[in-house]
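Quick notes on the structure that follows.
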Amino acid sequence: MTLIPSTARTAFLEQAAQRILITDGAFGTEIQNFKLSEADYAGTLGLAKDQKGNNDILALTKPEVPESIHRAYFKAGADIAETNTFSANRISQADYAAEHLVREINVESARLARRVADEFTAKDGRPRFVAGAIGPTNKTLSLSPDVNDPGFREIDWDHLVDVYAEQVHALVEGGADFILIETVFDTLNAKAGVMSVRKVEKELGREIPIMMSMTLTDLSGRNLSGHTVEAFWYAIRHAKPLTIGLNCSFGATQLRPHVKTLSEISDTLIMVYPNAGLPNELGEYDEMPQTTAGLVKEWADHGQVNVLGGCCGSTPAHIAAMAKAVKALPPRKVAVPATVTRLAGLEPFVMAA
């Protein structure tokens, strides 16, 4: 089956060839600044459970909050808006008795981001993009939650693919250019995400570009399912992601060696959006915008990144500082690795030529 190519992919690659692009920053910590009450989250939906902390539901109950955050990041210089849909899937929304609203949340979140992105593009002609954000859910396909039963799994592959496909379909319907499978702590979950995108592509008859971002759970450079950065790339490279990268977990200092590794082996664009340092004893982020910008600029100075942004604790001020710091620097040149067989268990394996 021949899919209609994505015009957004072409436009994105054209922009990325000219400069280092900027994605947005944190949503959760920005939403916290609004000091919303449970009633603000719940609105008039009449849901059976407390909605405090259900950030995704704000697309329906208080859309002016995510809209103002998108607007602030675009004003700061962002090229990409990530939809406020990290937990907008049936598994995660079950905690709030809002599973039946998954489609509506995703469609409205994507529409909101699309509207603001198009508004900024209309002002200056610079393309803005919308990445439909898909989080890892709170379940894992690779690990058992029961220490007494290593073979037990709370969900299976087919279920997770269906859960993700529902979200992908709604995000694309709402106007997302790409699907960002982010904060990947379980490589098998990420593969289910890829499968869901392929499933929706066939249904719609058009290409849906994938962005992929891994999160590390320790300083050795592994995710929760045990894969190193290099092994993770070899495990998902077949998906031909538009970008591959790292987010969350740590600040830029701790990610430095892993960004270098990924940059050297990946034949696609590199997108990294670290936390604003490590949280303090109160769980707050103290790293100042200029500090974060200086740290990520080191990656740009060494030609290791194509897209930069922020995760937990980052603000529009952090994004503005990053945009300013790398404005005059050239983007990374995509690596052209030798053609050999590369396989992945928890460790990478390169078959001798």
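Here T29 passes the criteria (1) of a type outside the set (D, E, K, R); (2) open to solvent by 70 Å² or more (accessible area, probe 1.4 Å); (3) assigned to a helix (DSSP H, G or I); (4) at pLDDT below 95 except the one numbered (2).
Checking D186 against (1) surrounded by fewer than 21 Cβ atoms within 10 Å (Cβ to Cβ); (2) without any contact (Cβ under 8 Å) to a residue 60 or more places away in the chain; (3) acidic (D, E): exactly one of these is not met. Which one? Going through (1) surrounded by fewer than 21 Cβ atoms within 10 Å (Cβ to Cβ); (2) without any contact (Cβ under 8 Å) to a residue 60 or more places away in the chain; (3) acidic (D, E) one by one, D186 breaks only (1).
Of all residues in the stretch 83-120, those being open to solvent by less than 40 Å² (accessible area, probe 1.4 Å), in a helix (DSSP H, G or I) and either polar (S, T, N, Q) or touching a residue at least 24 places away in the same chain (Cβ under 8 Å) (or both) number 15. Could you check the stretch 198-233 and list, in sequence order, the residues that are open to solvent by 30 Å² or more (accessible area, probe 1.4 Å) and more than 25 Å from R153 (Cα to Cα)? Once the filter is applied, which keeps residues that are open to solvent by 30 Å² or more (accessible area, probe 1.4 Å) and more than 25 Å from R153 (Cα to Cα), the stretch 198-233 yields K202, E203, L204, R206, E207, L219, S220, E230.
Has the stretch 34-48 got any residue that is open to solvent by 50 Å² or more (accessible area, probe 1.4 Å), among the acidic types (D, E) and either without any contact (Cβ under 8 Å) to a residue 12 or more places away in the chain or touching a helix residue (DSSP H, G or I) at 6+ places or on another chain (Cβ under 9 Å) (or both)? No: the stretch 34-48 contains no residue that is open to solvent by 50 Å² or more (accessible area, probe 1.4 Å), among the acidic types (D, E) and either without any contact (Cβ under 8 Å) to a residue 12 or more places away in the chain or touching a helix residue (DSSP H, G or I) at 6+ places or on another chain (Cβ under 9 Å) (or both).
Residue count for the stretch 137-160, restricted to those that are in contact (Cβ under 8 Å) with a residue 12 or more places away in the chain and open to solvent by 10 Å² or more (accessible area, probe 1.4 Å): 12.
Matching residues to (1) among the charged types (D, E, K, R); (2) under 18 Å from the mean Cα position of the chain (by Cα); (3) at pLDDT below 95:
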| position | (1), (2), (3) |
| --- | --- |
| T44 | no, no, no |
| K52 | yes, no, no |
| N55 | no, yes, no |
| L58 | no, no, no |
| Y73 | no, yes, no |
| A76 | no, no, no |
| L101 | no, no, no |
| L112 | no, yes, no |
| A117 | no, yes, no |
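Of the residues L112, L101, the single one that is in contact with a His (Cβ under 8 Å, 6 or more places away or on another chain) and among the hydrophobic types (A, V, I, L, M, F, W, C) is L112. E166 falls short on exactly one of the conditions (1) surrounded by fewer than 20 Cβ atoms within 10 Å (Cβ to Cβ); (2) in contact with a strand residue (DSSP E or B) (Cβ under 8 Å, 6 or more places away or on another chain); (3) not basic (K, R), and that condition is (2).
The values are calculated or read from the model by the stated rules, or taken from the named source; none is laboratory data. From a predicted model like this one, the values you see are computed outputs, not experimental measurements. For neighbour counting, all protein chains shown are included, and Cβ atoms are generated from backbone atoms with ideal geometry for every residue, glycine included. Each accessible area value is taken on the protein alone, full model and side chains, heavy atoms only, with ligands, DNA and RNA left out. Shrake-Rupley method; radii C 1.70, N 1.55, O 1.52, S 1.80 Å.
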